[in-house]
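Some notes on the structure that comes next.
Please treat every number below as a calculation from the coordinates, not as lab data. The structure presented is a predicted model; accordingly, all values stated were derived computationally and were not measured. Ideal geometry is used to build each Cβ from the backbone, glycine not excepted, and the neighbour counts take in all protein chains shown.
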Amino acid sequence: MAKISTRVTFDKKRAAGLIKAASNSALTVMGLQALQDTSTHVPHDQGTLENSGISASDRRAVDGKFFMRWATPYAQYLWHGDVMYGNPTSRTYGPEKIKFTNALAREEWAKYAHEVYGAEWRQVYQAALRKEMRSV
């Protein structure tokens, strides 16, 4: 019987880099979906807080991280649902909680959205990762 020998080379660094790039791309797709879903639960008055989520959040995932941010002076207080009193130079907060007028708005809106949409986000990530890995 004939003997056949083969040699397989594997560039671990290149493979790891391709996987990392595919993962970051898939995380970007999922992060943008999460931002869109979360925005429906952000308190809305004039739209400034909601728009700050779009403008201040990451555009692309980097090193396996995608950050959503809401960058307004009052974002943290709305996040906790605290009522603001006073003027911008001497403001106090709480102990009363805000009563949101929008039925979908919530305090800690990103946590709430994760509870509601988390399984869908995982599916979005997995589908995007599969697609990216096929194109590598």
**Request:** In whole Hz, with x marking every Gly and Pro, tabulate ³J(HN,Hα) for segment 92-97 from phi via Karplus 6.51 cos²θ - 1.76 cosθ + 1.60, θ = phi - 60°.
**Result:** 10, 9, x, x, 5, 9
**Prompt:** In degrees from 0 to 90, rounded to the nearest 10, what is the angle of the helix 109-135 Cα long axis to the longest principal axis of the chain?
**Reply:** 20 degrees
**Prompt:** Share of Cα-Cα pairs in segment 7-61 beyond 14 Å, in percent?
**Reply:** 64 percent
**Fill in**
Result: in segment 13-135 the number of Lys pairs with C-alpha under 21 Å apart, spaced 8 or more or on different chains, is 7
**Fill in**
The answer for GluC sites (Glu not before Pro) in segment 28-132 that fall in a DSSP coil and have at most 14 neighbouring Cβ atoms within 10 Å is Glu108
**Item:** q = 0.09, 0.13, 0.19, 0.20 Å⁻¹, the chain: log10 I(q)/I(0) [Debye, one scatterer per Cα]
**Value:** -0.41, -0.67, -1.07, -1.13
